[in-house]
Amino acid sequence: MAVQELFGYAAAVLVGLVIGLAGGGGSILTVPIFVYIFGIPTMLATSYSLFVVGTTSLVGSLNHIWKKRVDLRVTGTFAAPSFISVYLSRRYLVPALPDPLLRLGNVNIPKSDAILFFFAMVMILAARAMIRDKRPSEGIAADGRPRYGTLALDGLAVGLLTGIIGAGGGFLIVPMLVLLAGLPIQRAVATSVLIIAVNSFIGFLGDVQHIQLNWNFLLPFTGLSISGIFLGLYLARYVPPNALRKGFGWFVLAVATYMIARELL
């Protein structure tokens with residue numbers, strides 16, 4: 001096995017480790033790992049990412065459910081419309097996008113390159129949120145009355161984002177659950193992990209009907225990611241979460257910068 005592949009499998013453990021420690025964030029790395037380390041085509045990499053993110057987050061969510069940290073009513077309100085949009089986007093929208101996606105004069109921008117650029121922009125937004133770490137303490141639901149209608153609409157938007165880029169979007173879900181559902185931050189993080197898990201699986205189901213998967217690669221990678229989440233859940237007792245989020249945020253920003261530079265050069 002090449003050194004580069006060993007590094008890629010080690011990165012799989014990192015994905016799970018960050019999800020276990022911080023309740024999310026690690027999934028934003030799966031597509032870059034698949035594309036730049038393993039050389040997997042972009043569209044297939046987003047499909048693989050959905051499976052890895054879904055399986056790993058599901059393991060983490062089971063721990064939160066066991067400890068009764070998940071608000072199932074809010075999960076259903078946010079997730080039901082999100083499931084619809086993520087499935088439809090993976091099943092119909094993404095395959096229907098033209099290739100090349102854009103034509104600027106004599107320059108053609110392939111669909112895969114456009115999605116990687118968009119993914120890098122999302123990574124920058126996620127990194128900014130983690131570095132600033134200014135999580136909302138209350139919002140329009142501070143009166144204890146969740147705004148279920150607005151939650152459902154936001155769920156549709158997050159599902160579309162998840163479907164296009166193949167990542168969970170936890171950095172968007174957590175603030176919404178705090179501001180619109182009035183959940184405490186710890187409960188919002190736990191609830192978001194379950195939403196991410198099921199969202200990702202629904203998106204993956206939209207893919208399996210029209211792509212060929214290499215399970216001999218995907219299952220070992222996912223297993224390493226799951227081992228990382230158990231390690232993360234253990235270390236979460238000892239590692240300050242704020243310091244972790246900021247450090248990981250700078251790392252995500254560096255990866256996003258590399259992606260943009262790589263695609264432009």
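The values are calculated or read from the model by the stated rules, or taken from the named source; none is laboratory data. Small disclaimer: the values here were computed from a predicted structure and weren't measured. With ideal geometry, Cβ positions are generated from the backbone for all residues, glycine too; neighbour counts draw on all protein chains shown. For the accessible areas, the whole protein counts, side chains as well, though only heavy atoms, and no ligand, DNA or RNA atoms are used. Shrake-Rupley method; radii C 1.70, N 1.55, O 1.52, S 1.80 Å.
How many of the residues making up segment 51-84 are aliphatic (A, V, I, L, M) and open to solvent by 10 Å² or more (accessible area, probe 1.4 Å)?
Selection size over segment 51-84: 8.
Kindly indicate whether ILE115 is within 19 Å of VAL189 (Cβ to Cβ) and either assigned to a helix (DSSP H, G or I) or acidic (Asp, Glu) (or both).
no
Where in segment 151-265 are there helices (runs of 4 or more DSSP H), lying fully within it, with 3 or more residues that are over 23 Å from LEU72 (Cα atoms)?
It comes to 215-235, 241-264.
Taking the condition of being touching a helix residue (DSSP H, G or I) at 6+ places or on another chain (Cβ under 6 Å) and within 22 Å of GLY20 (Cβ to Cβ), how many residues in segment 249-260 meet it?
4
Just a yes or no: is a residue in segment 94-106 touching a residue at least 40 places away in the same chain (Cβ under 8 Å), crowded, with 20+ Cβ neighbours inside 10 Å, in a helix (DSSP H, G or I) and under 16 Å from the mean Cα position of the chain (by Cα)?
Checked against the condition, which is being touching a residue at least 40 places away in the same chain (Cβ under 8 Å), crowded, with 20+ Cβ neighbours inside 10 Å, in a helix (DSSP H, G or I) and under 16 Å from the mean Cα position of the chain (by Cα), segment 94-106 yields no hits at all.
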